[in-house]
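Reading through the structure tokens given below for one structure.
The values are calculated or read from the model by the stated rules, or taken from the named source; none is laboratory data. As the structure is a computational prediction, the values presented were derived from the model and not from experiment. Cβ placement follows ideal geometry from the backbone for every residue including glycine, while neighbour counts extend to all protein chains displayed.
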Amino acid sequence: MKKFMCLLLLVGIAAVSGACGSRGSAASEININIATRVVEITDEFLESNISAQTARNRIDALAPIDTSTTENADENSANSTLSHRVLMLRLDLGMMARNGTPEIYNRVLEERNALARGLGIRRR
């Protein structure tokens, strides 16, 4: 019985860790591409190559993340998460453009890293 419980526990751990793997997003490929571009634009801002306002304008020019409902609940959830992260980055970049404080800069960085983590992109 103990061996069975240990085996069941190991299978559960393997399943959970597999669900958290890199590039494991169940989001649609189009949304993943848009979100990846948002990370790239944010990186340009964080590297001081463009202003916060320019970064926000470039993100605004991208197609929005499609959150329309599909039959796949995992895809719906992943698309909603990407949409939320992109929205938070847009808002923080807008605040950064108006009132560039270290706290807001850190929020931009945190949101960028949260979005990147879901896409399997390295953190900054």
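Quick check on this structure: which one of T54, T67 is of a type in the set (S, T, Y) and either touching a helix residue (DSSP H, G or I) at 6+ places or on another chain (Cβ under 7 Å) or modelled with pLDDT under 90 (or both)?
T67
Return only the number of the condition from (1) within 15 Å of R56 (Cβ to Cβ); (2) loosely packed, with under 14 Cβ neighbours inside 10 Å that R90 does not satisfy.
Here R90 meets the rest and fails (2).
In the set A61, A97, A78, A116, which member is surrounded by fewer than 16 Cβ atoms within 10 Å (Cβ to Cβ) and among the hydrophobic types (A, V, I, L, M, F, W, C)?
So the residue among A61, A97, A78, A116 that is surrounded by fewer than 16 Cβ atoms within 10 Å (Cβ to Cβ) and among the hydrophobic types (A, V, I, L, M, F, W, C) is A61.
For segment 59-85, which residues satisfy the criterion of being touching a residue at least 12 places away in the same chain (Cβ under 8 Å), within 17 Å of T42 (Cβ to Cβ) and assigned to a helix (DSSP H, G or I)?
Selection gives I59, D60, T81, L82, S83, R85.
If R98 passes every condition in (1) of a type in the set (D, E, K, R); (2) touching a helix residue (DSSP H, G or I) at 6+ places or on another chain (Cβ under 9 Å); (3) closer than 20 Å to A27 by Cα but one, which one does it miss?
Answer for R98: the failing condition is (3).
Conditions first: (1) modelled with pLDDT of 90 or more; (2) more than 16 Å from the chain's Cα centre (by Cα); (3) exposed (fewer than 10 other Cβ atoms within 10 Å of the Cβ). K2 passes all but one, so which condition is the exception?
(1)
Checking the condition exposed (fewer than 14 other Cβ atoms within 10 Å of the Cβ) and under 12 Å from the mean Cα position of the chain (by Cα), which residue from R123, R37 passes?
After ruling out the rest, the residue left standing is R123.
For R23, all conditions in the list (1) more than 12 Å from the chain's Cα centre (by Cα); (2) modelled with pLDDT under 85; (3) not in a helix (DSSP H, G or I) hold save one; what is the number of the exception?
(1)
Could you tell me whether any residue of segment 100-110 is assigned to a helix (DSSP H, G or I), touching a residue at least 40 places away in the same chain (Cβ under 8 Å) and among the hydroxyl-bearing types (S, T, Y)?
Within segment 100-110 (the criterion being assigned to a helix (DSSP H, G or I), touching a residue at least 40 places away in the same chain (Cβ under 8 Å) and among the hydroxyl-bearing types (S, T, Y)), the answer is no, since none of the residues qualifies.
Considering T54, T42, which residue is part of a helix (DSSP H, G or I), hydroxyl-bearing (S, T, Y) and under 17 Å from I121 (Cα atoms)?
Unique residue meeting the criteria: T42.
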